[in-house]
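The values are calculated or read from the model by the stated rules, or taken from the named source; none is laboratory data. Nothing here was measured: the structure is a model prediction, and the numbers come from that model. When we count neighbours, we look across all protein chains shown, and the Cβ atoms used for this are built from the backbone with ideal geometry, even at glycine.
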Amino acid sequence: MQTLTVDLGDRSYPIHIGAGLLDQAGLILPHLAQKRAVVVTNTTIAPLYLERLTSTLAAAGVAATSVVLPDGEAYKNWETLNLIFDALLTQRAERKTTLIALGGGVIGDMTGFAAACYQRGMPFIQIPTTLLSQVDSSVGGKTGINHPLGKNMIGAFYQPKLVLADTDTLKTLPARELSAGLAEVIKYGLIWDADFLAWLEANMPKLRALDPAAITHAIYRSCEIKAQVVGQDEREGGIRAILNLGHTFGHAIETGMGYGNWLHGEAVAAGMVLAAQTSQRLGWLSEGDVARTRALIRAAGLPDVAPDLGVETWLDYMGHDKKVEGGKLRFVLLKKLGEAVITADVPAGVLTDVLTQPQ
Ligand code: NAD
Ligand code: GLY
């Protein structure tokens, strides 16, 4: 097992990464304020891992109940969130009861938001079971739900007490979902670490085959970069926005194509290509850099061409981005491979060109 810490003063927390962690109650117990927990999961993950987790907790004397939600991005909304509150109230959960998210980013984001709201805040733990959630969404405290007009528009910053990433759970993950997680892994290389990017280029087949050493390294390095950025800027006043490379375009794809049709990671992958192309137009990346980015995205089994939403639709959905300031859209682009930049100065003509002919 490898461990690192998200350093946020008295709200710091560990991320444990390794195989078989679902069986280790000793990792969870120190983080429970009372020996009571409610596990939130979904209809796909429950048959795979719920019994195992609740048995682990029961053996350690923790009374654990569960809420099983419908599966899918399309359910990341108020109605589904309310099912968590219904269960917490029906089961008379207390303020010191811990909410445990067992699942991917959809479950993690909704559970975290429910924890932030229930009785004005109850503790919660992230047990991410997708690659995307192990490298990104379970870390850093962004929680929330979608609105029909915009992705992740309703939410709160609310940090977990612990992140437990059991790499064994990735064995049941569909290949398409594994690729979606690789999009966020590639993101860290593009925005922060050119050496890691080169390592990803050399190791992509191993990662797709879930080679234990390779996948653990990719998760560890991704979490390390995310923890470093979040430790500097928890509430995205500045640098944290670089973690959104490709997301302004990607969120427009997700909303425009209908939640769940393009996976989040797929939309981010195509969005990162658009960000790279925009960076090239601004003279920062070379044609070769863009080709390298696209090749890595393709090697990960991801789309490198965005759907043609039409410029008006693109701009409309991108206008709902959380990085909009004073009505002006801000973009995360690349100064070079391994270094991100945040800018509002993208000439309209450049943007229109990039969006007009996604290719
Ligand atoms: P997801 O939660 O929808 O999970 C993907 C699919 O895999 C689902 O069908 C799920 O039931 C299934 N699944 C999960 N674990 C499994 C396992 N071990 N075996 C088999 N099937 C399994 O999608 P995701 O990619 O994990 O997360 C995407 C969400 O995360 C989006 O809503 C996105 O907005 C959010 N996100 C949040 C942050 C953040 O910082 N909070 C960062 C990135 C993404
Ligand atoms: N996924 C972007 C962030 O956590 O800030």
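Below, the figures for the structure above:
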{"quantity": "Segments classed as helices (runs of 4 or more DSSP H), wholly inside the stretch 232-337, with at least 1 members that are touching a residue at least 12 places away in the same chain (Cβ under 8 Å), over 18 Å from Asn152 (Cβ atoms) and hydroxyl-bearing (Ser, Thr, Tyr)", "calculated": "264-281, 287-299, 311-318"}
{"quantity": "Residue count, the stretch 6-27 (criterion: touching a helix residue (DSSP H, G or I) at 6+ places or on another chain (Cβ under 7 Å) and not in a loop (DSSP other than H, G, I, E, B))", "calculated": "10"}
{"quantity": "Selection from the stretch 203-226 of residues that are more than 16 Å from ligand 2 (Cβ to nearest atom), under 15 Å from the mean Cα position of the chain (by Cα) and aliphatic (A, V, I, L, M)", "calculated": "Ala218"}
{"quantity": "Top-ranked residue in the stretch 227-243 [being over 16 Å from Val341 (Cα atoms) and aliphatic (A, V, I, L, M); ranked as farthest from ligand 2 (Cβ to nearest atom)]", "calculated": "Ala227"}
{"quantity": "Qualifying residue in the stretch 93-102 (condition: part of a helix (DSSP H, G or I), more than 16 Å from ligand 2 (Cβ to nearest atom) and farther than 27 Å from Met257 by Cα)", "calculated": "no"}
{"quantity": "Hey, Lys187 of a type in the set (Lys, Arg), within 16 Å of ligand 1 (Cβ to nearest atom), surrounded by 20 or more Cβ atoms within 10 Å (Cβ to Cβ) and assigned to a strand (DSSP E or B) or not", "calculated": "no"}
{"quantity": "All positions within the stretch 338-355 that are of a type outside the set (D, E, K, R), assigned to a loop (DSSP other than H, G, I, E, B) and either touching a Phe, Trp or Tyr at 6+ places or on another chain (Cβ under 6 Å) or over 20 Å from Ala269 (Cα atoms) (or both)", "calculated": "Ala344, Val346, Pro347"}
{"quantity": "Leading residue by the ranking (farthest from the chain's Cα centre (by Cα)) among those in the stretch 28-53 that are buried (at least 16 other Cβ atoms within 10 Å of the Cβ) and under 18 Å from Lys96 (Cα atoms)", "calculated": "Arg36"}
{"quantity": "Pair list, Cβ under 6 Å, 6 or more apart: the stretch 105-134 residue of a type in the set (Asp, Glu), other residue buried (at least 24 other Cβ atoms within 10 Å of the Cβ) and not in a helix (DSSP H, G or I)", "calculated": "Asp109/Thr143"}
{"quantity": "Failed item, numbered, when Leu200 is tested on (1) more than 17 Å from the chain's Cα centre (by Cα); (2) surrounded by fewer than 21 Cβ atoms within 10 Å (Cβ to Cβ); (3) modelled with pLDDT of 95 or more", "calculated": "(2)"}
{"quantity": "Glu177 being part of a helix (DSSP H, G or I), among the acidic types (Asp, Glu), surrounded by 24 or more Cβ atoms within 10 Å (Cβ to Cβ) and within 11 Å of ligand 1 (Cβ to nearest atom)", "calculated": "no"}
{"quantity": "The one condition in (1) closer than 16 Å to His251 by Cα; (2) part of a helix (DSSP H, G or I) that Ile145 fails to fulfil", "calculated": "(2)"}
{"quantity": "Among residues of the stretch 323-342, those that are closer than 30 Å to Asp195 by Cβ and either buried (at least 16 other Cβ atoms within 10 Å of the Cβ) or within 22 Å of the chain's Cα centre (by Cα) (or both), counted", "calculated": "12"}
{"quantity": "Given (1) touching an Asp or Glu at 6+ places or on another chain (Cβ under 8 Å); (2) within 16 Å of ligand 2 (Cβ to nearest atom); (3) over 21 Å from Leu302 (Cβ atoms), number of the condition Asp136 does not satisfy", "calculated": "(3)"}
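Quick grid of which residues meet (1) without any contact (Cβ under 8 Å) to a residue 40 or more places away in the chain; (2) more than 23 Å from Phe113 (Cβ to Cβ); (3) basic (Lys, Arg):
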| position | (1), (2), (3) |
| --- | --- |
| Thr5 | no, yes, no |
| Asp10 | yes, no, no |
| Tyr13 | no, no, no |
| Asp23 | yes, yes, no |
| Leu32 | no, no, no |
| Lys35 | yes, yes, yes |
| Asn42 | no, no, no |
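For (1) more than 14 Å from ligand 1 (Cβ to nearest atom); (2) under 30 Å from Thr167 (Cβ atoms); (3) not β-branched (Val, Ile, Thr), each residue gets a yes or a no:
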site: Thr90; (1), (2), (3): yes, no, no
site: Arg95; (1), (2), (3): yes, no, yes
site: Gly105; (1), (2), (3): no, yes, yes
site: Ala116; (1), (2), (3): no, yes, yes
site: Phe124; (1), (2), (3): no, yes, yes
site: Thr129; (1), (2), (3): no, yes, no
site: Ser137; (1), (2), (3): no, yes, yes
site: Gly144; (1), (2), (3): no, yes, yes
